[in-house]
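The values are calculated or read from the model by the stated rules, or taken from the named source; none is laboratory data. Because the structure is a prediction, the values reported are computed rather than measured. Cβ coordinates were reconstructed from backbone atoms using ideal geometry, including for glycine residues, and neighbour counts include every protein chain displayed. Keep in mind that these areas ignore ligands, DNA and RNA; they rest on the heavy atoms of the full protein, side chains included. Shrake-Rupley method; radii C 1.70, N 1.55, O 1.52, S 1.80 Å.
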Amino acid sequence: MRETARTADLLDWYDVHAREMPWRVAPARRTLGELPDPYRIWLSEVMLQQTTVAAVTAYFQRFTARWPTVADLAAAEDGDVMGEWAGLGYYARARNLLKCARVVVADHGGQFPPDHAALLKLPGIGPYTAAAISSIAFDAPETVVDGNVERVMARLHDIHTPLPAAKPELIAAATSLTPAQRPGDYAQAVMDLGATICTPRNPACGICPWRGPCAARANGTAPDLPKKIPKKPKPTRHGIAYVAQRSDGAILLERREDRGLLGGMLGWPGSDWAEGAARAAPPLDADWQTLNEEARHAFTHFHLRLRVEVAQVDMEAAPITGDFIPAAQFQPAQLPTVMRKVFDLARGSLRNSG
Ligand code: SF4
């Protein structure tokens, strides 16, 4: 049995307060039968995993200007897509993005399938993304549960079981509210409520469309929910990055292995990243200078500190790893963030480095 009164209150709120997003079709237009392009919903959902709407918007606009359809993206060069993705992080997503676009073109005639089970078979699409595409792009009654929805459901029902054990209970709560009519708007409405009203700190209960039935509001527990098992502190790993510039200005870079962290992205030759002292032979013989400052970056599971070694080399330099990229072709913006941090530290020691 759907809880229709609560759902109706939320949809009324969404009709007035829906956030504008470049991939979204506003509720007034959806009511007239317009649905968003599944390609744009898929792309936005993949970009939004682990990333905020604010961070994603510019990337989304660049991607869709350069590759307006899934067929355009499927035909793109891998390096171009990885370059456009640089800075968004979680680079396995970009590799799967390309794989998925190519499967959609090869096996589905360039159209995303509407149903959850078929979407789940596509590369890089897990249960959350499949539900989001089905619901938002095809208006299928799937329940979409992200971090915002978990928080709202934990508060609405005053659920104190800590995450992740609480997930089944939170999904059941969200499912019980998913309507047969307008499920796509409902999914987006709960996410908007969590992002703008039922925020992690200081929820604005006074203007919330669910302030009446909300159990956590009544019990005064909202700011403490959802409960989470405390995370272990992240370890720190160490590494070395070698930045070499040839006398014609060319810069030594290597494309990383497809598998693993930052797979398929451009980066500096260097060591593995480990918790002990870093060791690696330089990519060529040179007078390497160690910079005083390390590049620091936080990944999901560890902190990284990279020692930066810089060298100027002559035209005969023959690296054992990587290739010299001509100065005119080198675009720091196409490096992943940690590699760009290394470049920002090294650039003062390089010629014509902008
Ligand atoms: S009343 Fe407050 S705690 Fe409850 S759903 Fe609304 S914003 Fe969240």
Item to complete: Would you please put 146-157, 176-187, 208-219 in order of how densely packed they are, using the mean number of other Cβ atoms within 10 angstrom per residue and starting with the highest?
Response: 146-157, 176-187, 208-219
Worksheet item: Using the per-residue mean of other Cβ atoms lying within 10 Å as a proxy for protection, in what order, highest first, do the peptides 77-90, 312-325 fall?
Response: 77-90, 312-325
Worksheet item: Dipole size in debye (nearest 20) for the stretch 1-96 around its Cα centre, Lys and Arg Cβ +1, Asp and Glu Cβ -1?
Response: 120
Worksheet, complete the sentence: The relative contact order of the chain, taking Cα pairs under 8 Å that sit 6 or more residues apart, comes to a percentage of 16
Worksheet, complete the sentence: Dividing the helical contributions, -39500 (n - 2.57) per DSSP H run of n ≥ 4, by the residues of the chain yields a 222 nm value, nearest 500 deg cm²/dmol, of -11000 deg cm²/dmol
Practice prompt. Within the set of other residues whose C-beta is less than 12 Å from the C-beta of Ile133, count the net charge using Lys and Arg as +1 and Asp and Glu as -1.
Written response: -4
Fill in: Cβ-defined net charge surrounding Arg66, 12 Å radius [Lys, Arg +1; Asp, Glu -1]
-3
Worksheet item: Considering only protein heavy atoms, what is the solvent-accessible area of Leu35 at a probe of 1.4 Å, reported in Å² to the nearest 10?
Response: 80
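Just tell me, in residue order, which DSSP H segments of the chain are both 18 angstrom or longer along the helix axis (alpha-carbon based) and at least -0.5 in mean Kyte-Doolittle hydropathy.
Qualifying helices: 4-17, 53-66, 92-108, 183-196.
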Discussion item. Just to confirm my numbers, what's the Cα centroid distance between the stretch 181-204 and the stretch 116-162 in Å?
Written reply: 13
Discussion item. Is there a quick way to get the dipole size of the chain? I mean about its Cα centre, with the Cβ of Lys and Arg at +1 and of Asp and Glu at -1; what is the value in debye to the nearest 20?
Written reply: 1000
